[in-house]
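J.: Starting off with a structure, shown below.
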Amino acid sequence: MLMNNHEYLDLVQTLKQEIRQAQYKATLNVNKELIMLYYGIGRVINQRKSWGNKFIENLAADIKLAFPEAKGYSVRNLKYMAKFAAAYEDEIFVQTASAQIPWSHNMAILDKVKTPKEREWYIRKTAENGWSHSVLIHQIESGLYQRQAIADKISNFENRLPAPQSELAVQTMKDPYVFDFIPFREDMVERDIEQALVKDVTKLLLELGTGFAFLGNQYRLNVGGDDFYIDLLFYNLNLRCYVVIELKTGEFKPDYAGQLNFYLSAVDGILKSEQDNPTIGLLLCKSKNNIVAEYALKDMSKPIGVSEYKVTSDLPENFSKQLPSVEDIQNHIANK
């Protein structure tokens, strides 16, 4: 029958993919036209600042009168258009970068990011990763630019990985990692943090970045008849390699790198295929001395990075204990 014909099924799959791509391009083109329209309106408004504050109010009213069904032309949004046009004088940049992301994302970046270089970085990362509005806000508020783009990262990736994997691995790193979805406790041990991360693995993957696939925690490796357990094991689709993450609740110590180096050798020997790139290791510590970490990694044979991490709150413990819990608040409301 035709429906069982592999050639037909392949054809259907190809057409479905082409339809999706065409729909995406159509959506992108509509968005681009809208952004360029807003940009043009913003430039017109800026050229007539001398007309006074009532100008924008009158303009919004007249546009609404002419296009009663149209949305997006409120006084507030017209002021955003003017701000948008003032922020980006280069029309080519607006066409090739800003117009690739939705208007709501552009407004968020305008509101929350101050420097042109940082704005450009968030615009390009949003387009590259397809961040939703809420994810973009989270990335800005968690200081992703400072933690990823300009952080002083400690690794030996450039000396242990071939290009371009080494550059991509460095770009993927953050310092510090922010696990703001983990409730903080003073007596937390590595296993507590690990279990909290796995419990909300979706947020963990968001923090790690694009391309990470979670393979397991306390992942067992049998080496020469002895069992060893990796804290967290991932595969990164962009880097095309396994990524081993080890968590430490204290300050970085050189022997941690030696232990991780062994794990990476084991993963390369047991799990890695010929198509995979060399396995990468990431040590996440509560704190680190950069000079000590650099010396520890200098002669390691495997690619390793060292970063700090932060959990929900850096509030002093005595202060955090004074705050009511969610249960306390709920009980208080219920008894009203």
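J.: Kindly provide the set of residues from the range 35-70 that are more than 25 Å from residue 91 (Cβ to Cβ) and charged (D, E, K, R), ordered by number. Step through it out loud before you land on a result.
T.: Going residue by residue through the range 35-70, those that are more than 25 Å from residue 91 (Cβ to Cβ) are 52-54, 57-58, 61-62, 64-66, 68-69.
Scanning the range 35-70 gives 54, 57, 62, 64, 69.
J.: How do the pairs read when you match residues in the range 299-313 that are within 7 Å of residue 155 (Cα to Cα) with residues anywhere that are part of a strand (DSSP E or B) and hydroxyl-bearing (Ser, Thr, Tyr), using Cβ under 9 Å and keeping only pairs 6 or more apart or on different chains?
T.: Matching pairs, first to second residue: 304/155; 305/155; 306/155.
J.: Condition first: open to solvent by 60 Å² or more (accessible area, probe 1.4 Å) and farther than 15 Å from residue 268 by Cα. Now tell me which residues in the range 230-252 satisfy that.
T.: Within the range 230-252, 237, 238, 251 qualify.
J.: Test residue 267 against the criterion of being within 20 Å of residue 199 (Cα to Cα) and in contact with a Ser or Thr (Cβ under 9 Å, 6 or more places away or on another chain), and give yes or no.
T.: No; evaluated as a whole, the condition is false for this residue.
J.: On the given criteria, is residue 127 under 30 Å from residue 297 (Cα atoms) and open to solvent by 20 Å² or more (accessible area, probe 1.4 Å)?
T.: The answer is no for residue 127.
J.: Going through the range 102-113 one residue at a time, which ones are without any contact (Cβ under 8 Å) to a residue 60 or more places away in the chain and either β-branched (Val, Ile, Thr) or over 12 Å from residue 127 (Cβ atoms) (or both)?
T.: Correct list: 104, 107, 108, 109, 110, 111, 112, 113.
The values are calculated or read from the model by the stated rules, or taken from the named source; none is laboratory data. These numbers were taken from a predicted model, which means no experiment stands behind them. Every residue, glycine among them, receives a Cβ derived from its backbone with ideal geometry; neighbour counts consider all protein chains shown. Please note that ligands, DNA and RNA were not included when accessible areas were found on the heavy atoms of the full protein model with its side chains. Shrake-Rupley method; radii C 1.70, N 1.55, O 1.52, S 1.80 Å.
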